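Report on the structure given below.
Readers should treat all values here as calculations from the given coordinates under stated rules, not as data from a laboratory. On a predicted model such as this, the values are computed, not experimentally measured, just so you know. Positions of Cβ are backbone-derived with ideal geometry, glycine not excepted, and every protein chain shown enters the neighbour counts.
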Amino acid sequence: MKSKIISLVLTAFAASSLFGAALGTTGNYSDIAQAAASGATVSMAKGSQSADNPEFYVPAETTVKAGETVTWKNDDTAIHTATSGKDATPDGKFDTSLVSPGQSSKPIAMPNEPGQYPYFCTLHPWMTGMITIG
């Protein structure tokens, strides 16, 4: 009986060591992938829920390379989005979905075509910004 318990403990220890090693390896690949797809972070400014706030997205204009990512961080007290399009009309190029206060969007892959891509908040359409793909 005692040898069965020792055998089970050793098996559990070996399995947890292998699982831990696998997690460590996965983390390294994640870091490499994240570095390869690096991009920019844009703040959804504090107070931007108000149309008379002096700033909405900071920076208001951001330049990234084709295929890079942009992450939006909500520094306001209201929920926001960053949705590509203009005049409060989405064009389907990118969308963060809802970003809660104090949270960040997933890294959003930018289009591969060079050019300027305006965006806005679907909940507060006076909030506008511009992504330039260089």
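Key figures
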read-out	value
Stretch gain in nm, segment Ala51-Ala109, where the contour uses 0.36 nm per residue and the Cα spacing is subtracted	18.1 nm
Reachable aspartates and glutamates from Lys93, criterion Cα separation under 20 angstrom, eight or more residues apart if same chain	Glu61, Glu68, Glu113
Whole-Å semi-axes of region 38-134's equivalent ellipsoid (Cα gyration tensor)	20, 14, 11
Relative contact order (%) - region 42-90, alpha-carbon pairs under 8 angstrom, separation at least six	42 percent
Positive-end residue of Thr71, His124, Gly92, charge dipole of region 63-134 with Cβ unit charges	Thr71
